[in-house]
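Everything on this sheet refers to the single structure shown next.
Readers should treat all values here as calculations from the given coordinates under stated rules, not as data from a laboratory. Please read all numbers here as calculations on a predicted model, not as lab measurements. Every residue, glycine as well, gets a Cβ built from its backbone with ideal geometry; the counts of neighbours run over all protein chains shown.
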Amino acid sequence: MSNDTINVEHTLVKDSSQVPCNKSLKIFHQNVRGSGNKANELYCHLQHNLPHILCLSEHHLSESKLQLIHLTNYSLGANYCRKAFLKGDVSIFIYRNLRYNTINIDEYNIDKDNEACAIQLDSTFNKSCILAIYISPKSDFTNFLKRLDFILQILYNNKYNNVICGDVNVNCLIHNNHTSQLDTVLHSYNLAGIVKFPTRLDLNSQIAIDNVFIDTSTIGKYDLSSSSFSMD
């Protein structure tokens, strides 16, 4: 199966009820790999099981073009668009009239090394914070870890229930220096990855570089699902 024809969605549910029930939180992550302008196609894929939060990485859109994206029932809650380089980028879309605040983490962003945005939901969802993140395979990994640590300090000090989703370009299916260093930073904030299956497949490899990181001590019950979806 070609790496260009598969994307994986992650759905995290705090209990078993469906959208729009206000007792569950459903998050969908998609690395759209430059297909950010295919919003209608994505919505058609989701419309029978809409999430509360939609996180897109690598949409490759400028700030002005991202503002023109229309997803029925959703509004753009937070985003980061590259300043000096092409491609990359992350965004978070919010379902209907959910109340939220955008968390300003722009000072910790830098093209390729750390591209992130965050929102905090109101008390309906126990002060949950959603952080969407993308890291280029050509990033300075040490710089990424330093900036991620600064962001997590802010979120941790505000006592948010944190959920991180995105493409960190670290294959969690193997153990190496990058996975060890990332785990060390995440574990210091009680965060751990919950994706244990390949998220990118081709004829010669199976890797898991898209992940969801949560604090399992505060999110005691969750479901994680995946499905193939091509944006080509």
Packing-ranked peptide list from 190-198, 205-213, 173-181, 43-51, highest mean Cβ count within 10 angstrom first, is 205-213, 190-198, 43-51, 173-181
How far apart, in nm, are the 7 Å Cα→Cβ label points at Ala84 and Ile154? 2.1
Determine the distance separating the Cα centre of region 54-124 from the Cα centre of region 132-169; give it in Å without decimals. 14
A 30 angstrom limit on the alpha carbon distance is what I want to check against. Which of Lys138/Lys221; Lys87/Lys159; Lys159/Lys221; Lys112/Lys221; Lys26/Lys65 exceed it? Lys138/Lys221; Lys87/Lys159; Lys112/Lys221
Quick calc, Thr142 & Glu107: beta-carbon distance into FRET formula, R0 22 Å, rounding 0.05, result 0.75
Amide hydrogen neighbours beyond the local backbone of Arg82, cut-off 5 Å, H modeled: Asp89
Subtracting the Cα-Cα distance of Ala192 and Lys65 from 0.36 nm times their residue separation yields 42.3 nm
Zone residues, region 53-94, relative to Cys44, backbone N less than 16 Å from point 7 Å out along Cα-to-Cβ: 70-72
Once you have the alpha carbon radius of gyration of region 126-232, what is it after dividing by 2.2 N^0.38 Å, with N set to its residue count? 1.09
